[in-house]
Amino acid sequence: MSTTPAAPAVSTFTVGDHDFLADGHPVRLLSGALHYPRIHPGAWRDRVVKARQMGLNTIETYVFWNEHSPRPGTFDTEGRLDLVRFLQIVGEEGMRAIVRPGPYVCAEWDNGGLPAWLTADPAVGLRRAEPHYLAAVDEYLRTVYALLAPLQVDRGGPVVLVQVENEYGAYGGDQDYLRHLVDLTRECGITVPLTTVDQPDPVMLQRGSLPELLRTASFGARATERLATLRDHQPTGPLMCAEFWCGWFDHWGAHHHVTDVEASARELDDLLAAGASVNIYMLHGGTSFALTSGANDKGVYQPTVTSYDYDAPLDEAGRPTAKYWRFREVIARYAPVGEQVPAAAAPAPAIEVPLTPVDGLREAAEAVTDWVSHDVDRTAPPTLDELAQWRGLVLQRAQIPPAAHSRVLEVGEVRDRVAVWFDGRPAGVLARDHHDRALVLPAGGGELLLLVEDQGRVNYGPRLGEPKGVLGPVTVGGVAVTGWSSLIVDHDLLAARVLDAPDRPRAPDGTPAALAGPVLARARFTLDGPADLFLDTRDWGRGMAWVNGWPLGRYWSRGPQHTLYVPGPATRAGSNDLVVLETTAARPVARFVPHPDLGHTEV
């Protein structure tokens, strides 16, 4: 624990006519966004300390409903989901906290943080005063607020602000819904000031809040102009940019976004010169571990990459960037920053070891799960939502009668990617981002096998909550395909089982066989001690990886991202295990490199 706290303990935190007031004294919030599930718990304190060393006095985080509640009636707070422990660390380091529990968060997070089991229910009316939705929201928020209430500033904790909904003016304007959220929040013992955030657009600012809530804005440029717009709609109270966008996120197949350091520093200077409070989004983006990254679809489906580096002041591995040091210089003009600074980071270990194929994905899945047959008259397989497979992969099959000529396989739509085999041979891929809906099957008959992949649920806009899978009808040669069955792929379970399975036979010269997917493979490597690593994926196709059971997330040769970040606390001295689920093909080599490679930029 550090010995130089940034903010003294106070017993009240309120909104004054012009400023935030701590025990009646004006204060400015200098905040940075950290998402606790995107950071290994063993690194939480490191990131908070570095935030304070940059001159910040506050940490902001979302709460991710679907990650805490992957199934109805559950609320997981273990490991990287231990919200209370995260906030305790914030307080121990002398920092204040802003909490944004949604229920919708966006954040380039799968389904915008809403549970897929909720959005799959056609009776649910999202983000409005609809009874089914409100019942689920109430259960969620009551659980969250029971955790947060004891951590509020008036009870000796760090929490000084709680946000209601998230950029609601960009989505809707149901004032009854917002009123319900406010009443529930107060009923649950949340006494600190409540805020909303919207882009500084007059319509959004008007419909996204209520008179008694403090409006804040989200933007990354033209700070003076946008603060003026906010003031027009917030005549009294402190000005705050609750999302100062100092970077951006990346999509598979596009480029790595960066922002000009000097331009970002000037905008931050303008914000602080105007007397505004700020939350830097992101101070440290971290990683969308496992399969938590979301997607956008504004006519073309664009899944978000695993890295949430965001070109933030602290990079994906928590190392200060040039932006960190410039922001620190700017903040020092307005607030004390202290003398402590982060130590320089050494390059990560460089390692190369064989990657050995162990088992085919289908064979591994069949060893732990049974095929489930569906209504014989169905003309399309069930969606992943119907199967309650909220993330990941499903195998689906049907029998096609023989024919003497090739035939066209047609589907209604794919969400998001379907690899097709016919009679045991690869037949092609249907990709949502290419708007594929048909391919040619060879002559003959046999099993039609589909590997259906969810690449991330849309997290923003009208396609929020849409189902995943193959949407029908499915036809071959114009004839409906029926007799479907499905096999759930529990990728985390299969990855764990790989460690105990025997190797596949090697080539006569002893070299490991190439990875012909879909296949599970493993490697073992040795470290002198725990260390951050960067797993090079440039020689692999597409899939996901784990180190010592920690889910690193998706990789894809399409880029721009070409390394997966391995958090040091997930590694250990001595032997470490890597597991890879490769869906296409890959070289049988696992390579860790000294530095990250997040791809080409436009700068």
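Taking a straight Cα-Cα cut-off under 30 Å and skipping sequence neighbours fewer than 8 places away in the same chain, the lysines within cross-link reach of residue 298 are 468.
The C-alpha radius of gyration of the chain, expressed as a fraction of 2.2 N^0.38 Å, stands at 1.00. For residue 355, the residues whose amide H sits under 5 Å from its own are 589, 590, ignoring neighbours fewer than 5 places away on the same chain, with H placed 1.01 Å from N.
Sites counted here are GluC sites (Glu not before Pro) in a DSSP loop (not H, G, I, E or B) having no more than 15 other Cβ atoms within 10 Å; the longest part of the chain that contains none of them is 387-601. Between residue 232 and residue 463, the simple label model (points 7 Å from Cα in the Cβ direction) yields a spacing of 3.3 nm. For residue 20, the residues whose modelled amide H falls within less than 5 Å of its own, excluding neighbours fewer than 5 places apart on the same chain, are 27.
Sorting 241, 188 from the fewest to the most surrounding beta carbons within 10 angstrom yields 188, 241. Residues whose amide H lies under 5 Å from that of residue 446, counting only those 5 or more places away or on a different chain, are 400; hydrogens are built 1.01 Å from N in the peptide plane. The trypsin sites (Lys or Arg not before Pro) of the stretch 215-301 that meet both conditions, a loop assignment by DSSP and at most 16 other Cβ atoms within 10 Å of the site Cβ, are 222, 298.
Across the stretch 256-271, rounded Karplus estimates of 3J(HN,Hα) from the backbone phi angles (6.51 cos²θ - 1.76 cosθ + 1.60, θ = phi - 60°) give 7, 7, 9, 10, 5, 4, 5, 5, 5, 5, 5, 5, 5, 4, 4, 4 Hz, Gly and Pro being marked x. Look at where the Cα atoms of the stretch 466-523 and of the stretch 146-196 average out, and the two centres are 44 Å apart. Relative to the Cα centre, the charge distribution of the chain, modelled as +1 at Lys and Arg Cβ and -1 at Asp and Glu Cβ, gives a dipole magnitude of about 540 debye.
On the basis of the beta-carbon distance and an R0 of 41 Å, residue 509 and residue 573 show a calculated FRET efficiency of 0.80. Each of 75, 289 has some number of other Cβ atoms within 10 Å of its Cβ, and from fewest to most they run 75, 289. The phi-based Karplus calculation (6.51 cos²θ - 1.76 cosθ + 1.60; θ = phi - 60°) puts the 3J(HN,Hα) values of the stretch 398-412 at 7, 9, 10, x, x, 8, 7, 9, 5, 9, 9, 8, 10, 10, x Hz, whole numbers, x for Gly and Pro.
Computed from backbone phi, the HN-Hα couplings of the stretch 93-99 come to 8, x, 10, 7, 9, 10, 10 Hz, rounded to whole numbers (Karplus: 6.51 cos²θ - 1.76 cosθ + 1.60, θ = phi - 60°; Gly and Pro given as x). Taking 7 Å steps out from each Cα toward its Cβ at residue 585 and residue 179 produces label points 6.3 nm apart. Neighbour counts of C-beta atoms inside 10 Å place 15, 300, 489, 589 in the sequence 300, 589, 15, 489, starting with the fewest.
For the stretch 326-433, the set of trypsin sites (Lys or Arg not before Pro) satisfying both a DSSP loop assignment and a count of at most 11 other C-beta atoms within 10 Å is given as 333.
Computed over the chain, relative contact order equals 14 percent, with contacts defined as Cα pairs under 8 Å that lie 6+ residues apart. Quick one: Cα centre-to-centre distance for the stretch 293-366 and the stretch 237-261, in angstrom? Centre-to-centre (Cα) distance: 14 Å.
Our summary gives the stretch 370-489 a relative contact order of 44 percent, counting only alpha carbon pairs under 8 angstrom and 6 or more residues apart. Helix-only arithmetic for the chain: the sum of -39500 (n - 2.57) across DSSP H runs with n ≥ 4, divided by the residue total, places the mean residue ellipticity at 222 nm at -5500 deg cm²/dmol. The Rg/Rh ratio of the stretch 370-489, with Rg taken over Cα atoms and Rh as the Kirkwood radius over Cα pairs, comes to 0.96.
Bear in mind these aren't lab numbers, they're just calculated from the coordinates by the rules spelled out. This structure is a prediction, so every number in the text was calculated from the model and none was measured. As a convention, Cβ positions derive from the backbone with ideal geometry for all residues, glycine included, and neighbour counts pool all protein chains shown.
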